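The values are calculated or read from the model by the stated rules, or taken from the named source; none is laboratory data. Being a predicted model, the structure only gives us computed values, none of them experimental. Glycine also receives a Cβ, built like all others from the backbone with ideal geometry; neighbour counts cover every protein chain displayed. Heads up: the accessible areas ignore ligands, DNA and RNA and are worked out on the full protein's heavy atoms, side chains in. Shrake-Rupley method; radii C 1.70, N 1.55, O 1.52, S 1.80 Å.
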Amino acid sequence: MKMNRAWIRLTILILVVMVALAGCGKSTGTSATDSSNGTEEMTGNQILIYTTLFPLYDFARQIGGQYAEVKSMIPVGAEPHDFEPSAKDMVELNKADLFVYNGAGFEAWVDKAVENINKDKTVVVNASEGLALLESHHHEDGDEEDHDHEQSSEESDHEDEAEEGHDHDHGKYDPHVWLDPILAKEQANKILQALIQIDPEHKAEFQANYEQLAADLDSLDREYRDTINKAAVKELIVSHQAFSYLANRYGFEQIPVSGLSPSNEPSQKELMELIQVLKEHNLKYVAFDSLVESKVAQTVQREAGAEAVSLYTLENITSDQMKAEKSYIQLMKENLETLKKVFEVQ
């Protein structure tokens, strides 16, 4: 008898959850605070979009415009490599009309999440599927050249993720495709096509928004190309080898120094390796992939004679960047200003 009552309670709970999820359609609220860019005014029946990394959030926000409510699954300032969705996150994700993730092995948790999404309700976009991906440096066999590969989400997303120091092994392919403005435009186009599929009535508005974003990305590409063509130096020491797509597109070399962190002072061994690399290549700057704490910069300056600078990977943004409503384009232009300094562009 007790067993029967337990099964009855469980059945009722399942039915309640199913009814709740079935009733979740497009957002109809009057306002909401998203997790990446503050508060935006919302009117009417909007497409509810969940994204993972910041560039995808920003592209979806720009293309969807007033017809979309865009939320990031990863909290502002959080380390995306360490993020794992909670049960509550998964319930919220199942309310989405559109889910956009980067793919290429970045989000280790995404395969399981996608398996549990109702595909009849939620359109799922792997933003890296079909793009020409570069092999990860973790899987290179001493070959210094980059290798392009056409690769599907099924091939990339099942790679195991491991961390070594400050580096992250995403699998066979490098997932940081958004740092190449031309590939970023292809990711944005995938979002456009999904929005048109969900809401064909506003195709013209989505298309116009995308064309403006695409023009901005083309302009950004020209700025990078023109600037780096004038570079006196074309080598970059990095703490995180995340800039392969940028280097591949514009013809410079990134030199990783393992173990360097923007928040922890380097050990004596790490400093010795850094000093050796700086001397070998006659370089004066070390690029960290986030804001560098002053004690780290001071140590690098004092012990290695090099200046620490910041290059954003844009996987996520800081609370200050959120408050300033920074966009992908703006942050990439800030990166370009840093590269002008590092590459000694006159």
Quick one: in segment 287-302, which of the residues that are over 23 Å from LEU220 (Cα atoms) and of a type outside the set (S, T, N, Q) is surrounded by the most Cβ atoms within 10 Å (Cβ to Cβ)?
-> VAL300
Would you check if LEU246 is within 18 Å of the chain's Cα centre (by Cα), within 22 Å of LEU220 (Cβ to Cβ) and open to solvent by less than 20 Å² (accessible area, probe 1.4 Å)?
-> yes
Does ASP97 satisfy the condition of being of a type in the set (D, E, K, R) and either under 21 Å from PHE59 (Cα atoms) or within 15 Å of the chain's Cα centre (by Cα) (or both)?
-> yes
Of those in segment 303-315 that are assigned to a loop (DSSP other than H, G, I, E, B) and open to solvent by 30 Å² or more (accessible area, probe 1.4 Å), the residue nearest to GLU344 (Cα to Cα) is GLY305
Exactly one of GLU337, GLU344, GLU270 is open to solvent by less than 80 Å² (accessible area, probe 1.4 Å), of a type outside the set (Val, Ile, Thr) and outside any loop (DSSP other than H, G, I, E, B), and that one is GLU270
The correct count of residues that are touching a residue at least 12 places away in the same chain (Cβ under 8 Å) and either open to solvent by 50 Å² or more (accessible area, probe 1.4 Å) or part of a loop (DSSP other than H, G, I, E, B) (or both) in segment 101-136 is 19
Would you pick out the residues in segment 64-80 that are touching a His at 6+ places or on another chain (Cβ under 7 Å) and surrounded by fewer than 14 Cβ atoms within 10 Å (Cβ to Cβ)?
-> none
